[in-house]
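Everything on this sheet refers to the single structure shown next.
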Amino acid sequence: KSVVILISGRGSNMQAILEAGLPVAAVISNNPAAEGLMFAQTRGIPTQVIDHRTFPDRKAFDAALAETIDTYQPDLVVLAGFMRILSEAFVDHYQGRLVNIHPSLLPAFPGLDTHTRALQEGVKIHGCTVHFVTSQLDHGPIIAQAAIPVLTDDTPTMLATRVLAQEHRIYPQAVRWFLQGQLTLVENRVEIKTTSD
Ligand code: GRF
């Protein structure tokens, strides 16, 4: 069994998944300058760049992306800071085997700048969510969440740092569950069978 990870930048979630010893067949980035590509290469993981700017439209980019992913025949496709919206055709193709991590407690704060918005709203609890991807941005059946308290003097950066530490914990865990057959999507509902972890 294996996963393919899609990144656009830093790739710290990708790194956490690699460091958890999970089987990563390839790392693919839409951004040739993504910092995470270097780390994957130092670990001997095949990397590919599919630069969205070289395609006429989203449909053509998504088709090329899917074609490349499918050459690795992964069991699961893992979005890890992948900053492109994916078309319905792409999402449908990976129904039940495409996951994302989002830096908020969904359904609160879909979209960008989640930590700034959480502070502006004055929420006392914030966190991150692993979910199956559907064609609605940052929605989709929830697999795992981790919550942290928001502190009085928090800045978006401080909050991001503490949430990220939780991302690095729950994302490898969710990927492991999936690869061990403990996590499935059954008609838009998440089923998890955990043992004693
Ligand atoms: C993470 O906060 C993730 O939740 C969001 O984008 C960020 C990616 O960070 N989707 P990294 O590239 O994994 O370091």
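One residue stands out among those in segment 23-49 that are polar (S, T, N, Q) and more than 18 Å from Val3 (Cβ to Cβ): the one that is farthest from the ligand (Cβ to nearest atom), which is Thr42. Within segment 133-153, being modelled with pLDDT of 95 or more and in contact with a strand residue (DSSP E or B) (Cβ under 9 Å, 6 or more places away or on another chain) holds for Val133, Pro141, Ile142, Ile143, Ala144, Gln145, Ala146, Ala147, Ile148, Pro149, Val150. Residues in segment 106-143 that are within 13 Å of the ligand (Cβ to nearest atom), assigned to a strand (DSSP E or B) and of a type outside the set (A, V, I, L, M): His126, Gly127, Cys128, Thr129, His131. If I ask for residues that are farther than 23 Å from Arg10 by Cβ and either part of a loop (DSSP other than H, G, I, E, B) or in contact with a Phe, Trp or Tyr (Cβ under 6 Å, 6 or more places away or on another chain) (or both), which ones from segment 151-191 would you list? Leu151, Thr152, Asp153, Gln180, Gly181, Gln182, Leu183, Leu185, Glu187, Asn188 - these are the residues of segment 151-191 that are farther than 23 Å from Arg10 by Cβ and either part of a loop (DSSP other than H, G, I, E, B) or in contact with a Phe, Trp or Tyr (Cβ under 6 Å, 6 or more places away or on another chain) (or both).
In segment 92-111, the residues that are in contact (Cβ under 8 Å) with a residue 12 or more places away in the chain form Cβ pairs under 6 Å with partners that are assigned to a loop (DSSP other than H, G, I, E, B) and within 15 Å of the ligand (Cβ to nearest atom), at six or more places apart or across chains, as follows: Leu98/Val133; Asn100/Val133; His102/Asp138; Pro110/Asp138. Within the set Ala89, Ala108, the sole residue that is under 23 Å from Ile28 (Cβ atoms), surrounded by fewer than 17 Cβ atoms within 10 Å (Cβ to Cβ) and of a type in the set (Gly, Ala, Ser) turns out to be Ala89. Report yes if some residue within segment 50-61 is in contact with a strand residue (DSSP E or B) (Cβ under 7 Å, 6 or more places away or on another chain) and within 16 Å of the ligand (Cβ to nearest atom); otherwise report no. No, segment 50-61 has no match at all. On inspection, Leu18 fails the criterion of being within 12 Å of the ligand (Cβ to nearest atom), in a strand (DSSP E or B) and either surrounded by 13 or more Cβ atoms within 10 Å (Cβ to Cβ) or hydrophobic (A, V, I, L, M, F, W, C) (or both). For segment 144-191, the set of residues classified as among the basic types (Lys, Arg) and either within 14 Å of His115 (Cα to Cα) or more than 16 Å from the ligand (Cβ to nearest atom) (or both) consists of Arg162, Arg176, Arg189, listed by residue number.
Within segment 90-105, identify whether any single residue is farther than 17 Å from Gly11 by Cα, hydroxyl-bearing (Ser, Thr, Tyr), within 16 Å of the ligand (Cβ to nearest atom) and part of a helix (DSSP H, G or I), and answer yes or no. Walk me through how you get there before you give the answer.
The first filter runs over segment 90-105 and keeps only residues farther than 17 Å from Gly11 by Cα, leaving 90-98, 104-105.
Then keep just the ones that are hydroxyl-bearing (Ser, Thr, Tyr); that gives 94, 104.
From what is left, the residues that are within 16 Å of the ligand (Cβ to nearest atom) are 104.
Next, only the ones that are part of a helix (DSSP H, G or I) stay: none.
No, that holds for no residue.
Give me the pairs: first residue in segment 50-77 and in a helix (DSSP H, G or I), second residue among the small types (Gly, Ala, Ser), beta-carbon distance under 6 Å, and six or more apart or on different chains, which are they? Final answer for the pair search is Arg58/Ser87; Asp62/Ser87.
The test for being within 29 Å of Asp75 (Cβ to Cβ) and either touching a strand residue (DSSP E or B) at 6+ places or on another chain (Cβ under 6 Å) or not assigned by TED's automatic domain parsing to the domain that holds Phe90 (or both) holds for Gly127.
The values are calculated or read from the model by the stated rules, or taken from the named source; none is laboratory data. Model, not experiment: these values are computed from the prediction. A quick note on method: Cβ atoms are made from the backbone with ideal geometry, for glycine too, and the neighbour counts reach across all protein chains shown.
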